[in-house]
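Read-outs throughout are calculated quantities, based only on the coordinates presented, and are distinct from any laboratory measurement. Since the structure is predicted, the reported quantities are computational estimates derived from the model, not experimental observations. Cβ placement follows ideal geometry from the backbone for every residue including glycine, while neighbour counts extend to all protein chains displayed.
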Amino acid sequence: MRKASPTTYKVGSIREFADWTRDVVRDTNAARGVAKTWFDSEDTARRTGAEQVSAEAMVKLLSPGNLAVLAAIRRYKPGAVRELAALTGRKEASLSRTLKRLARVGIVGFRDGPHRTRAPALIARRVHLKIDLSGRPSMVAVDRSRTTNAIDG
């Protein structure tokens with residue numbers, strides 16, 4: 001589930017992005033091979049999604065069963081993984097592995113609870129998939145909510 005290509009995103013200043021945009025408006029070939037997602041720093045890129053994943057891997061991760069888990073987290077705000085397992089009917093060990101994968105891509109985070117428990121929390125607002133059928137690398141972007149400061153991802 002690692003970044004598929006070095007062109008998944010680009011780090012640059014607003015000035016560099018504006019210059020690149022002007023070049024693309026003049027000549028669309030200037031966009032070839034350049035990432036369409038830009039960040040001001042590697043730190044910002046890292047915070048937007050802890051791990052870059054392929055669109056195919058993200059589609060598999062967002063299976064109907066896992067979407068039901070995310071809906072349960074959003075709706076019930078469980079205080080521990082064990083509570084979420086009871087709500088969803090999933091085995092705790094399997095659910096824990098799924099939650100760790102969702103955390104690695106920046107969709108779920110954990111809050112520390114009483115007695116060393118960890119409460120899962122939904123930290124992403126949206127997942128964007130851009131699948132290029134021409135053979136260029138596909139892209140995934142995870143929009144995280146603005147209230148994630150107290151949650152580790």
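For each pair in K60/K91; K10/K100; K100/K130; K36/K60; K36/K77, compute the distance between the two Cα atoms and list the pairs where it is over 29 Å.
Numbers: K60/K91 19 Å; K10/K100 27 Å; K100/K130 24 Å; K36/K60 23 Å; K36/K77 35 Å.
Violating the 29 Å Cα-Cα cut-off are K36/K77.
Count charges around V11 for me, please; just the other residues with Cβ under 10 Å from its Cβ, Lys/Arg as +1, Asp/Glu as -1. Don't jump to the answer; show the numbers that get you there.
Working: positive: K10; negative: E16, D40, E42, D43.
That sum, taken over residues with Cβ under 10 Å, equals -3.
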